[in-house]
Amino acid sequence: MSLKSFPYDELSSTQDEGFALIERGETPPFFVTADRQTKGRGRMQRTWHSESGRSLTMTLMIQMPAHSMPGLSAVVGLSILEVLENENLKLKWPNDLMLNDQKVGGILIESRSHGNLADIAIGIGLNLFSLEGADYKSLEQNVSALSVAESVLKYAKELEAKGFARSKSKYESKLWRLHEVVDFSVQGQVHKVRIMGIDEMGFLLTESGGKLVINLDGEILFE
Ligand code: BTN
């Protein structure tokens with residue numbers, strides 16, 4: 001059975017509409033798309049800009065046990081790379097899509113728990129279509145909201161059934177700046193660290209001054 005979709009010309013945010021649909025009785029999984037968002041939001045309270053007709057702006061609503069959520073962020077990134085089929089795309093931890101050092105996509109995961117279960121809004125913004133040249137063409141041919149939603153759902157189900165550990169090496173093969181020294185911002189402080197990989201839960205491993213650190217949050221900075 002095909003995934004149910006709710007396409008809109010304009011919304012404040014596909015995230016809000018996803019939760020509102022659940023409140024109105026819709027049962028996940030389903031996905032919401034919008035050609036325009038008037039209040040698109042990104043991680044860390046940032047505004048998210050997309051361009052009408054030139055971006056993919058969508059939210060996949062799923063339900064999963066809250067304890068399966070670690071690793072979700074990372075597998076969503078992987079699932080989108082699988083659809084886009086472009087070897088040059090990398091994941092800036094946890095899941096920014098980078099093409100030749102330019103951010104071309106972002107993922108925002110928001111959840112509301114009830115008991116052991118969580119309703120999860122997986123918001124995906126791809127700004128691939130404003131890119132010039134060959135990369136843009138190959139990406140454009142391969143992407144549709146339905147194919148992205150189906151791939152994300154498949155990876156989320158695998159995560160729930162089998163855990164994250166088996167995706168670790170696949171994720172690391174796509175990790176942007178692996179083994180390089182980067183500026184890493186945690187709680188307002190910027191540190192120089194070397195990216196070492198991720199752990200069995202999908203958290204970022206960094207090294208500085210001979211000390212290995214597991215990072216539950218934080219952001220790799222880039223110009
Ligand atoms: C980020 O990189 O900060 C995450 C960006 C996520 C943007 C998407 S666009 C669809 C969905 N609706 C929103 O308001 N945000 C997400």
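See the values below:
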| item | result |
| --- | --- |
| Projected-area average for region 163-223 over all orientations - Cα convex hull basis, square nanometres | 4.3 |
| Translational diffusion of region 1-87, µm² s⁻¹ [Kirkwood Rh, Cα pairs; Stokes-Einstein; 20 °C; 1.002 mPa s] | 150 |
| Rule-of-thumb Rg ratio for the chain [Cα; 2.2 N^0.38 Å; N residues] | 0.99 |
| Kirkwood estimate for region 41-125, i.e. one over the average of 1/r between Cα atoms, Å | 13.7 |
| Cross-link pairs beyond the 19 Å C-alpha cut-off, checked among 4/157; 92/192; 92/174; 90/211 | 90/211 |
| Max mean-square fluctuation residue, GNM over the chain, Cα-Cα springs under 10 Å, options 11, 117, 91 | 117 |
| Helix-derived mean residue ellipticity, 222 nm - over the chain, DSSP H n ≥ 4, -39500 (n - 2.57), to 500 | -8000 deg cm²/dmol |
| The chain: relative contact order in percent, alpha carbon pairs under 8 Å with at least 6 residues between | 18 |
| Distance (nanometres) between label positions extended 7 Å along Cα→Cβ at residue 216 and residue 189 | 1.6 |
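Every number in this text was worked out from the coordinates using simple rules, so none of it is lab data. The model shown is predicted, which means the values in this text are computed figures rather than measured ones. Ideal geometry is used to build each Cβ from the backbone, glycine not excepted, and the neighbour counts take in all protein chains shown.
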